[in-house]
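What follows is a single structure, written as structure tokens, with notes after it.
The values are calculated or read from the model by the stated rules, or taken from the named source; none is laboratory data. What you see is a predicted model, and the numbers here were worked out from it, not measured in a lab. In this analysis, Cβ positions are derived from the backbone assuming ideal geometry, glycine residues included, and neighbour counts consider all displayed protein chains. What goes into the accessible areas is simple: the full protein's heavy atoms, side chains included, and nothing from ligands, DNA or RNA. Shrake-Rupley method; radii C 1.70, N 1.55, O 1.52, S 1.80 Å.
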Amino acid sequence: MTEMMSSFTPAVLPAGTVDLDGKIYMRDATGGLRPKELVKASDQLIDETVRRIMGFAVALSDQVARFKGHTFDDIGALTALLDQEYGVKVGGKKGNMTLTSFDGRMRVEIREQDCLDFGPELQQAKALIDECLTEWAADSRPEIRDIVTRAFNTDRPGQVNRSEIFMLLRLDIADERWQAAMRAIRDAIRVVGSKTYVRCQMRSAFDGAWETVTIDLAKA
């Protein structure tokens with residue numbers, strides 16, 4: 001690995017070889033054992049590289065998980081102290097919150113976002129919308145048809161494009177069937193859980209632009 005990773009301890013993963021009576025074997029993808037000397041050198045090199053990368057990846061994932069746990073513990077402890085200081089409980093353990101350092105150059109944001117799904121009422125909404133588009137035919141605006149198509153036609157059967165569904169709710173159309181369809185969409189919305197996100201940001205001066213401390217590997 002790079003010099004920067006030299007001080008980072010990788011996780012201990014299962015070995016890629018098996019020692020049987022002093023003879024070294026490598027397990028293949030079917031679970032069978034092959035003598036190591038019969039495995040191509042290139043395959044051995046690939047195996048070693050994958051295991052080395054995975055060792056660091058698993059260790060890093062564990063470290064991020066510990067960071068998240070410690071962050072919520074710290075936020076919870078701070079909230080408890082503030083509740084005690086002012087004699088009031090402002091909410092649960094987690095929730096939307098922004099903490100800023102005294103010099104205004106660092107901040108930590110905690111955001112809780114609902115996870116949404118749609119119930120069977122969505123099918124009634126789609127039927128009503130189709131009735132409207134069929135009757136309006138050439139008189140309907142093409143951008144409305146485009147939004148409807150993107151909202152309900154996806155690559156995965158049974159799935160919908162949520163952002164386009166919410167775009168439909170913002171359209172101002174007086175037709176009673178359209179209004180009924182929008183009510184059906186609102187009734188179909190289900191909150192099935194929530195996810196809590198942490199964002200850490202810094203800036204070089206109190207009036208500078210905020211820069212996010214990257215934790216997501218895809219954005220690093």
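Remarks
- Selection within the range 14-35 - open to solvent by 70 Å² or more (accessible area, probe 1.4 Å) and either modelled with pLDDT of 95 or more or not small (G, A, S) (or both): P14, D19, L20, D21, K23, R27, T30, R34
- Restricting the search to helices (runs of 4 or more DSSP H) fully inside the range 83-180 and requiring at least 1 residues that are hydrophobic (A, V, I, L, M, F, W, C), open to solvent by less than 70 Å² (accessible area, probe 1.4 Å) and at pLDDT below 85 gives 121-136, 142-152.
- Among residues of the range 181-214, those that are on the phi > 0 side of the Ramachandran plot and open to solvent by 100 Å² or more (accessible area, probe 1.4 Å), counted: 0
- Any hit, the range 55-65, residues being assigned to a helix (DSSP H, G or I) and open to solvent by 90 Å² or more (accessible area, probe 1.4 Å): no
- Listed by first and then second residue, the pairs with beta-carbon distance under 7 Å, at least 6 apart or on different chains, first residue in the range 174-202 and touching a residue at least 12 places away in the same chain (Cβ under 8 Å), second open to solvent by 60 Å² or more (accessible area, probe 1.4 Å) and part of a helix (DSSP H, G or I), are R177/E131; A184/Q124; V198/K68.
- So G31, is it of a type outside the set (V, I, T) and either in contact with a helix residue (DSSP H, G or I) (Cβ under 8 Å, 6 or more places away or on another chain) or outside any helix (DSSP H, G or I) (or both): yes
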